[in-house]
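The values are calculated or read from the model by the stated rules, or taken from the named source; none is laboratory data. Not measured: the values here are computed from a predicted model. Virtual Cβ from ideal backbone geometry, glycine too; neighbours counted across all protein chains shown.
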Amino acid sequence: MRLIFASLLLMFFLGACVQEEVTEIIHAGPETDFAVAVIQPTEGNEARGIVTFTRVDEGVRVHATVSGLQPGQPHGFHVHEYGDCRSADALSAGGHYNPTDMPHGGPTDTERHMGDLGNLPADDDGVAILEYTDLKLTLSGKHSILGYAVIVHRDRDDLVSQPVGDAGPRIGCGIIGVGNPDF
């Protein structure tokens, strides 16, 4: 009887280890050096653009060009927890992507949500161009941003208010996917 119990216990333990390994592989997703999100406006808004993410030695280079913004105003800019832009207000994308359970902050803060990208600074024509290298984002592994949404907000992210920076409604949404580097 003890031998049967020990065998069942061993099979359960090995099964749990295999399941954990399989789950980790599934969660890791694909690997890429280049990803893209095409921003489309939410209902009643005009925000449109392209955000690219390129793996570089220092981290991930983020390049965003977004139009249809309030001229001369900064707009909150984040990766959100679901790759789902189906709802008219983009609330289907959930909250900020925060797999390490950190407080909200700015893109250069040591402690911040992984999805905290700061603000898009719109010029007098309502066009924002932003390029910087992010030290926390990743395009592979357990916390890859592939498959999640990029959100552009109506208002400025104050970078300190908890839990999300008080950036207002979502005016644009795009899903991060593996990009074609030759396009």
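If I ask for residues that are within 19 Å of residue 83 (Cα to Cα), in contact with a strand residue (DSSP E or B) (Cβ under 6 Å, 6 or more places away or on another chain) and of a type in the set (D, E, K, R), which ones from the range 129-183 would you list? Correct list: 170 only. More than 14 Å from the chain's Cα centre (by Cα) and free of Cβ contacts under 8 Å to residues at least 60 places away in the same chain, is that true of residue 94? Here the answer is no, as residue 94 does not meet what is asked. Assessment of the range 121-135 against the conditions (closer than 15 Å to residue 37 by Cβ, out of contact with any Pro (no Cβ under 9 Å at 6 or more places or on another chain) and of a type outside the set (Asp, Glu)) yields no matching residue.
Pairing residues of the range 107-132 that are acidic (Asp, Glu) with residues that are surrounded by fewer than 16 Cβ atoms within 10 Å (Cβ to Cβ) and not in a loop (DSSP other than H, G, I, E, B), at Cβ distances under 9 Å and at least 6 apart in sequence or on separate chains, gives 123/129; 131/63.
Only strands (runs of 3 or more DSSP E) whose full extent lies in the range 101-183 are considered here, and the ones with at least 3 residues that are surrounded by 24 or more Cβ atoms within 10 Å (Cβ to Cβ) are 116-121, 149-153, 170-175.
In the range 22-62, of all residues being of a type in the set (Asp, Glu), surrounded by 11 or more Cβ atoms within 10 Å (Cβ to Cβ) and in a loop (DSSP other than H, G, I, E, B), the one that is modelled with the lowest pLDDT corresponds to 31.
The set of residues in the range 84-100 being among the polar types (S, T, N, Q), under 18 Å from residue 153 (Cβ atoms) and surrounded by fewer than 16 Cβ atoms within 10 Å (Cβ to Cβ) consists of 87 alone.
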